[in-house]
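S.K.: The following block contains the structure, expressed as structure tokens.
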Amino acid sequence: MFESVLVANRGEIAGRIVHTARAMGLKAIAVYSAADEGLPFVAEADEAVLIGPAEPSGSYLNAAAILEAAHRTNAQAVHPGYGFLSASPAFARRVAERGLVWVGPPPLAIARTGDKINARNLMKEAGVPVAPGVWEPVPDAATAVEEAERIGYPVMVKPAAGGGGIGLAAAYDEASLRKAYEEARAAAERLFGRGDILLERYVEGARHVEVQILGLADGTVVALGERDCSVQRRYQKVVEESPSPAVGPALRERMLAAAVRAGEAVDYRGAGTVEFLVDPAAQAFHFLEMDPRLQVEHPLTEMVTGIDLVEQQFLIAAGEPASFGATSFSGASPRGHAIEFGVHAEDPHRFLSGTGKITVWEEPVGDGIRIDAGYAEGTTVTRHYDPLLAKLCVHGDDRRHALARARAALDALRIEGPPTNLPFLREVLDRPEFADGTYDTGLVVRMRRPQAP
């Protein structure tokens, strides 16, 4: 095992990684931008290095500055967290070329899963269910119309590169398809440097369910259960739970087996997620994409399995066996139920990001409550980064118990200063379809749809 690790990220995920690193006796090194000097993760690390200005391009996306910080601090490993450079095969290769341990999947696995069209084709070859769609990039809007007629409306328009819900749109006819295609292509070229577009059949009333996998050092791939991520705004997850109330035992077994095949198909190592779209009525599913990194929602899996995923990442990167009985572990048997709420600095109605100094920060306490926080009282939220302030996670003996704890925890969480989405999160809990577990990916759209006079 290496003795020190540089965390190439910020906010709550940087603090999360620092926590496990220190618990394992590793020296935890943080890097930070000029805007983040006062955030908790900087103080929590054993050492911290300023790497650049507030703009991500000069700091958290500046590979040269991060590698220089690793050299100056004698770091032996680099953990990228999620976002920023975590899914960059080029950065992973540069880390290895410097003689450092990359705490993540091999660069080739990142590259093979990073392109959604390539990943889709690989999954089909591996026997993982895929939706009707295209097998190569759609070159223009006219071709998109031809392909949509073959696939059948509605179709989902997706940039082949990137993530975070950027550029995604559902099209129900030729006019909406042409508009969605041009907007997605423009967004992909601007933000990802590639305008390749994918089309797939869109399933209305579907659930977004992802399976957590670990590719162990010996090549074994294990599935640690699923998380339901169907509560989304702008195709970005905001409330998640595990296990999914839409997935029964038989479907769960099939999904976990498919996720293992997906990991094996790309010779996966480390923590990753295989995302599926689930049709609850048909008890069917198909592959969406594969995320070659730790996910925002990973605390849910930790709460229902008792497994520290960051610890497993460190062990796998060092070539050591898992700390749990991987060969006998069954992700199909979760312990209790967990729910995670993404607390964002944003308007709770229009979801527009907000900024400002946090004047009050009071966290709930009690059994089954976990807060992964990136900010604290007295710190300032700036415009430069994702508005995620913290993740509020609760665990209960069953879903009903978890929902009761969630309600109490949300009521006890106080954050004042910038606007937050706490009222929206409480509103989600009050929705009957969330309470009874019958919601789908259209929940937030229905919540924000203008009411008829």
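The values are calculated or read from the model by the stated rules, or taken from the named source; none is laboratory data. Bear in mind that the values here come from a model prediction, so they are computed numbers and not experimental data. Using ideal geometry, Cβ is built from the backbone for each residue, glycine included, and neighbour counts are taken over all protein chains shown.
S.K.: Report yes if some residue within the stretch 139-155 is under 22 Å from the mean Cα position of the chain (by Cα), at pLDDT 95 or above, buried (at least 23 other Cβ atoms within 10 Å of the Cβ) and small (Gly, Ala, Ser); otherwise report no.
M.R.: No, the stretch 139-155 contains no residue that is under 22 Å from the mean Cα position of the chain (by Cα), at pLDDT 95 or above, buried (at least 23 other Cβ atoms within 10 Å of the Cβ) and small (Gly, Ala, Ser).
S.K.: What do you reckon, is ARG407 in contact with a Leu (Cβ under 8 Å, 6 or more places away or on another chain), without any contact (Cβ under 8 Å) to a residue 40 or more places away in the chain and within 25 Å of GLU362 (Cα to Cα)?
M.R.: It is true that ARG407 is in contact with a Leu (Cβ under 8 Å, 6 or more places away or on another chain), without any contact (Cβ under 8 Å) to a residue 40 or more places away in the chain and within 25 Å of GLU362 (Cα to Cα).
S.K.: Right, here's the next one. Test SER176 against the criterion of being among the polar types (S, T, N, Q), surrounded by 15 or more Cβ atoms within 10 Å (Cβ to Cβ) and in a helix (DSSP H, G or I), and give yes or no.
M.R.: Yes.
Yes/no matrix, rows are residues, columns are (1) part of a helix (DSSP H, G or I); (2) under 20 Å from GLY272 (Cβ atoms); (3) outside the structural domain of ARG261 (by TED's automatic domain parsing):
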residue	(1), (2), (3)
ARG120	yes, yes, yes
GLY127	no, yes, yes
ALA142	yes, no, yes
GLU149	yes, no, yes
LYS158	no, yes, yes
ILE166	no, no, yes
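S.K.: Please work out which residue is surrounded by the fewest Cβ atoms within 10 Å (Cβ to Cβ), limiting yourself to the stretch 217-230 and to residues that are in contact with an Asp or Glu (Cβ under 7 Å, 6 or more places away or on another chain) and assigned to a strand (DSSP E or B).
M.R.: The selected residue is VAL221.
S.K.: Shifting gears a bit: Looking at ALA64, ALA92 in this structure, which one is crowded, with 18+ Cβ neighbours inside 10 Å, small (Gly, Ala, Ser), on the phi < 0 side of the Ramachandran plot and without any contact (Cβ under 8 Å) to a residue 24 or more places away in the chain?
M.R.: ALA92
S.K.: Within the stretch 1-97, considering only strands (runs of 3 or more DSSP E) that don't extend past its boundaries, which have at least 2 residues that are closer than 25 Å to ALA109 by Cα?
M.R.: 4-7, 77-79
S.K.: Given the residues ALA28, ALA48, which is the only one that is in contact with an Asp or Glu (Cβ under 6 Å, 6 or more places away or on another chain), surrounded by 16 or more Cβ atoms within 10 Å (Cβ to Cβ) and free of Cβ contacts under 8 Å to residues at least 40 places away in the same chain?
M.R.: After ruling out the rest, the residue left standing is ALA28.
S.K.: While we're on this one: Within the set of pairs 6+ apart or on separate chains, which have a first residue in the stretch 180-194 that is among the aromatic types (Phe, Trp, Tyr), a second that is surrounded by 15 or more Cβ atoms within 10 Å (Cβ to Cβ), and C-beta atoms under 6 Å apart?
M.R.: That search, which allows pairs on different chains as well, returns TYR181/ALA141; TYR181/ALA144; TYR181/VAL157; PHE192/ALA161; PHE192/GLY162.
S.K.: Conditions: (1) over 28 Å from ALA65 (Cβ atoms); (2) in contact (Cβ under 8 Å) with a residue 60 or more places away in the chain; (3) among the acidic types (Asp, Glu). GLU147 meets all but one. Number of the miss?
M.R.: (2)
S.K.: Going by the conditions given, is GLY133 in contact with a strand residue (DSSP E or B) (Cβ under 9 Å, 6 or more places away or on another chain) and more than 30 Å from GLU174 (Cα to Cα)?
M.R.: no
One line per residue, one yes/no per condition, for (1) among the polar types (S, T, N, Q); (2) part of a helix (DSSP H, G or I); (3) in contact with a helix residue (DSSP H, G or I) (Cβ under 8 Å, 6 or more places away or on another chain):
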{"residue": "ARG405", "(1), (2), (3)": "no, yes, no"}
{"residue": "LEU410", "(1), (2), (3)": "no, yes, yes"}
{"residue": "THR438", "(1), (2), (3)": "yes, no, no"}
{"residue": "THR441", "(1), (2), (3)": "yes, no, no"}
{"residue": "VAL445", "(1), (2), (3)": "no, yes, no"}
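S.K.: Identify, from the list LEU256, LEU300, LEU251, LEU288, the residue that is at pLDDT below 95, at negative phi and not in a loop (DSSP other than H, G, I, E, B).
M.R.: None of the other options fit; the residue is LEU288.
S.K.: If you take the residues in the stretch 308-355 that are of a type in the set (Asp, Glu) and out of contact with any Leu (no Cβ under 8 Å at 6 or more places or on another chain), which one is farthest from GLU12 (Cα to Cα)?
M.R.: The residue in question is GLU320.
S.K.: Which residues, taken from the stretch 209-245, are over 30 Å from PHE351 (Cβ atoms) and within 14 Å of the chain's Cα centre (by Cα)?
M.R.: Across the stretch 209-245, the qualifying residue is only ILE213.
S.K.: Answer yes or no as to whether ALA87 is buried (at least 20 other Cβ atoms within 10 Å of the Cβ) and modelled with pLDDT under 95.
M.R.: yes
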